[in-house]
Amino acid sequence: MAADRMDRKEFLSLLGLGAAAMTCSYFLAGCTPNSSNLITAPPTNVDFTLNLTDPANAALKNNGGYIYQNGIIVARTINGDYVAVSQTCTHQGGTVYYDKAGNEFHCPVHGSNFATNGSVINGPAASPLMKYSTSLSGTSLRVYS
Ligand code: FES
């Protein structure tokens, strides 16, 4: 056999090794950091206005409703106050939602809870959610840094 050629047994052996390597890398990918679990920095220089008559913002007409906009969760609390915090959990980047039963933001990934001002109620998250100011004028809700 020429030095630059391989026999069938050698070829199949390498093929099997390649398939095994691909399989291992596929399963290992689930255990290693990737872009989906990197924490996105909270939005900065925020200043946008929501039209509360827009159907896309209909959830904010009722206490307990919330929407996501520009990386921020805007909620109308059970008390009727508008609050806005970064939607990205400070633990490992899960997306928080407003839990009206507890009047808090909850991350479903590992169970962190945050007060409506973004402070940590319980971990594993150790850092607060970035909080933004809100200002209501008629049917316009401004959200800003
Ligand atoms: S990513 Fe939110 S608690 Fe872990």
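What the table below lists for this structure:
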read-out: Ordering of 130-137, 84-91, 102-109 by packing [mean C-beta count within 10 Å, highest first]; value: 84-91, 102-109, 130-137
read-out: Relative contact order for the range 37-144, counting Cα pairs under 8 Å that sit 6 or more residues apart, in percent; value: 26 percent
read-out: Vicinal HN-Hα couplings computed from phi for the range 125-131 (Karplus, 6.51 cos²θ - 1.76 cosθ + 1.60; Hz; Gly/Pro x); value: 4, 10, 10, x, 7, 5, 9
read-out: Residues with amide H under 5 Å from that of GLY65, placed H, sequence gap 5 or more; value: ARG76
read-out: Whole-Hz couplings from phi, Karplus 6.51/-1.76/1.60, listed for the range 132-145; x for Gly and Pro; value: 10, 7, 10, 8, 9, 9, x, 9, 10, 10, 8, 10, 8, 6
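Quick note: the coordinates plus some simple rules give every number you see, no bench work behind them. Keep in mind that this is a model prediction, so the values were computed, not measured. Cβ coordinates were reconstructed from backbone atoms using ideal geometry, including for glycine residues, and neighbour counts include every protein chain displayed.
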